[in-house]
Amino acid sequence: MTLTSAGPPVPVVELRGVAKEYPGGVHALRGVDLTVHPGELLAIVGPSGSGKSTMLNVIGTLDAPSAGTVKVAGYDVGALSDARLSALRARHLGFVFQHFHLAAGRDAVDNVADGLLYAGVPRSRRRERARAALERVRLGHRLGHRPAELSGGEKQRVAIARALVGEPELLLADEPTGALDTASGRVVMELLHELNAAGTTICVITHDQEIADSLPRRVRFRDGAIVSDVRTGEVVPR
Ligand SMILES: Nc1ncnc2c1ncn2[C@@H]1O[C@H](COP(=O)(O)OP(=O)(O)OP(=O)(O)O)[C@@H](O)[C@H]1O
Ligand SMILES: [Mg+2]
């Protein structure tokens, strides 16, 4: 193997002066700067309405900022066509939401396989990889179950399998434990730690102070701005 002198690794996320104004004059984000390096696991915390989901959606290219630049995996998102954006999402990003967002009529394998729909993987191979991802979240015994036949914690593990099946570089999770009891929430957090240890960069929005405190970096929002950014043992220079 040859080592290249490519310089420091490209940040997974780079936000510069990101603002988001919604119609009606709501300033959801007011000039946010944030850099996330490969391999980080960070908590995003702050009061309701402070802009956390807005920022995650902007990072996830689900929503465009009103001002500022957003780079994901080194790509300037504002400069990409819709087709290139879809490809970026399919190749680099995974999403997990509070309320799972699973397709009701489809079993666990199909729900997870759908995570590969835009990644150019043939159907039979999608289902094979979906089964492997479900094994990874320890749901190998629930492959044929539909969402209504799964517990809340199991549903969230299916959603995590769907997010990880494409081997994303960055996983974005918006309150992934918000609808779960403590025990199921703990399992979900253990899985996120495992994925992070295997190399996935993860941003988690959480209202749970205990969860936030257990993560190595905490970014705190208030009124659309970052008010503190702390790594265990240090303050991240901004
Ligand atoms: N589509 C929208 N149109 C107008 N205003 C919006 C829209 N989405 C969010 N907002 C407003 O933007 C602000 C930030 O919302 P956001 O959803 O980012 O907050 P949050 O920090 O995720 O809150 P929560 O913890 O309750 O989920 C809020 O004041 C909200 O009312
Ligand atoms: Mg939110």
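The values are calculated or read from the model by the stated rules, or taken from the named source; none is laboratory data. Not measured: the values here are computed from a predicted model. For neighbour counting, all protein chains shown are included, and Cβ atoms are generated from backbone atoms with ideal geometry for every residue, glycine included.
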Quiz item: So Ala19 clears everything in (1) without any contact (Cβ under 8 Å) to a residue 12 or more places away in the chain; (2) farther than 27 Å from Met189 by Cβ except one condition, right? Which one?
Solution: (1)
Quiz prompt | Unmet requirement for Ala104, which otherwise passes all of (1) away from ligand 1 (no atom under 16 Å from the Cβ); (2) closer than 26 Å to Glu167 by Cβ; (3) not polar (S, T, N, Q) | solution = (2)
Quiz item: Regarding Gly78, is this residue within 12 Å of ligand 1 (Cβ to nearest atom) and either out of contact with any strand residue (DSSP E or B) (no Cβ under 6 Å at 6 or more places or on another chain) or at pLDDT below 95 (or both)?
Solution: no
Quiz item: Residues of the range 203-227 being within 14 Å of ligand 2 (Cβ to nearest atom) and of a type in the set (Ser, Thr, Tyr), which ones?
Solution: Thr206
Quiz item: For the subset of the range 86-114 comprising residues that are crowded, with 16+ Cβ neighbours inside 10 Å, over 28 Å from Asp208 (Cα atoms) and of a type in the set (D, E, K, R), which member is modelled with the lowest pLDDT?
Solution: Asp114
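How many residues does the range 67-84 hold that are assigned to a strand (DSSP E or B) and either surrounded by 13 or more Cβ atoms within 10 Å (Cβ to Cβ) or of a type in the set (A, V, I, L, M, F, W, C) (or both)? It would help to see each step written out before you state the result.
From the range 67-84, those assigned to a strand (DSSP E or B) are 67-72, 75-76; that's our starting set.
Subsequent filtering for residues that are either surrounded by 13 or more Cβ atoms within 10 Å (Cβ to Cβ) or of a type in the set (A, V, I, L, M, F, W, C) (or both) retains 67-72, 75.
Matching residues across the range 67-84 total 7.
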Exercise. Identify the single condition in (1) in a strand (DSSP E or B); (2) modelled with pLDDT under 95 that Gly24 does not satisfy, given that it satisfies every other one.
Key: (1)
Quiz item: For Val18, are the conditions met, namely being away from ligand 2 (no atom under 16 Å from the Cβ) and either modelled with pLDDT of 95 or more or surrounded by fewer than 21 Cβ atoms within 10 Å (Cβ to Cβ) (or both)?
Solution: yes
Exercise. Report the residue count in the range 27-70 for those that are within 12 Å of ligand 1 (Cβ to nearest atom), closer than 18 Å to Arg16 by Cβ, touching a Ser or Thr at 6+ places or on another chain (Cβ under 8 Å) and not acidic (Asp, Glu).
Key: 3
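Report, by residue number, each residue of the range 26-55 that is on the phi > 0 side of the Ramachandran plot, out of contact with any helix residue (DSSP H, G or I) (no Cβ under 9 Å at 6 or more places or on another chain) and within 16 Å of ligand 2 (Cβ to nearest atom).
To start, the set of residues in the range 26-55 that are on the phi > 0 side of the Ramachandran plot comprises 31, 39, 46, 49, 51.
Still in the running and out of contact with any helix residue (DSSP H, G or I) (no Cβ under 9 Å at 6 or more places or on another chain): 31, 49, 51.
Listed by number, the residues that qualify are Gly49, Gly51.
Could you check the range 151-238 for strands (runs of 3 or more DSSP E) lying wholly inside it with 3 or more residues that are under 12 Å from the mean Cα position of the chain (by Cα) and either away from ligand 1 (no atom under 16 Å from the Cβ) or modelled with pLDDT of 90 or more (or both)?
Numbers: elements: 170-174, 201-205, 217-222, 225-231.
In the range 151-238, the matching strands (runs of 3 or more DSSP E) lie at 170-174, 201-205.
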Quiz item: For the range 138-147, does any single residue satisfy the condition of being out of contact with any Asp or Glu (no Cβ under 6 Å at 6 or more places or on another chain), part of a helix (DSSP H, G or I) and at negative phi?
Solution: yes
Exercise. Select, from Ala119, Ala87, Ala103, the only residue that is of a type in the set (A, V, I, L, M), within 18 Å of Gly60 (Cβ to Cβ) and part of a loop (DSSP other than H, G, I, E, B).
Key: Ala119
Exercise. Could you grab the pairs with beta carbons closer than 9 Å, sequence gap of 6+ or different chains, first residue in the range 57-81 and without any contact (Cβ under 8 Å) to a residue 12 or more places away in the chain, second one part of a loop (DSSP other than H, G, I, E, B) and charged (D, E, K, R)?
Key: Asn57/Asp63
